[in-house]
Amino acid sequence: MDKQKTGYIAVYFADKEKNLVRDWSKIIQDRDFYFISKKEKIDGGNVTDDLHLTLFYGFNEELVYKKDDIQDFIDSMNLENIEIDKVGVFSPMDQEYKVLYLSVKDKENNIKKYHEELKKFPHFAEFQKFEYVPHITVAFVKKDFDTSKIAYNGPQFLRVKKAIYHVKNKD
């Protein structure tokens, strides 16, 4: 199968707040983390070293010819602070783990509006079949992880450091 190049935009946070979230995440015990083996590499567990909000995933790199237009869009965005609502989990379909995340307050729906605007660029429809819910992934945890014992007491606001357009290969 040919590899597809898929683009995405990730929003990263200022180091101070990112480190406070990382410190908070240490309340999760090592035995509760779920690790995934991918292509002879272990992923999963606590992912706060790469703490980010995915603004859009699924650009079709074969059809995106004007990357400058995407960068211009990123540069025009006005995201200064991301407000945290609470901690939550979801179980991806057909997976043996849960995703522990911080839900994001999007009172003015600005994040969702940016996401919708980005759909104007060539993208894979398969990645847009579910409703976009802004969140920040903290960790991959085992299915039996009890989230009722987890209370978020990290920073209420995360200052946005930058948004970056990335490309990755999809098998």
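The values are calculated or read from the model by the stated rules, or taken from the named source; none is laboratory data. None of the values given here were measured: they were computed from a predicted structure. We place every Cβ from the backbone using ideal geometry, glycine too, and count neighbours over all the protein chains shown. Surface areas here come from the heavy atoms of the whole protein model, side chains and all, with no ligands, DNA or RNA. Shrake-Rupley method; radii C 1.70, N 1.55, O 1.52, S 1.80 Å.
At an R0 of 35 angstrom, the distance between the Cβ atoms of Leu63 and Asp144 translates into a FRET efficiency of 0.25. Annotation: for a label point projected 7 angstrom from Cα along Cα→Cβ of Glu117, residues of segment 57-85 with backbone N closer than 16 Å are 57, 68-81.
Measuring r between the beta carbons of Gln71 and Arg22 and using R0 = 25 Å, the FRET efficiency lands at 0.30.
The Ser91 and Gln156 beta-carbon pair, evaluated with R₀ = 41 Å, returns a calculated FRET efficiency of approximately 0.95. Considered as an equivalent ellipsoid built on the Cα gyration tensor, the chain has semi-axes of 27, 21, 14 Å, the largest given first. Full extension of the segment from Asn169 to Ser103, taken as 0.36 nm per residue of separation minus the current Cα-Cα distance, would add 21.0 nm.
Here the accessible area of the chain is 47 percent carbon and sulfur, with a 1.4 angstrom probe and all protein chains present. Each principal axis of the Cα cloud of segment 78-171 was evaluated for its coordinate range; sorted largest first, these ranges are 41, 34, 21 Å.
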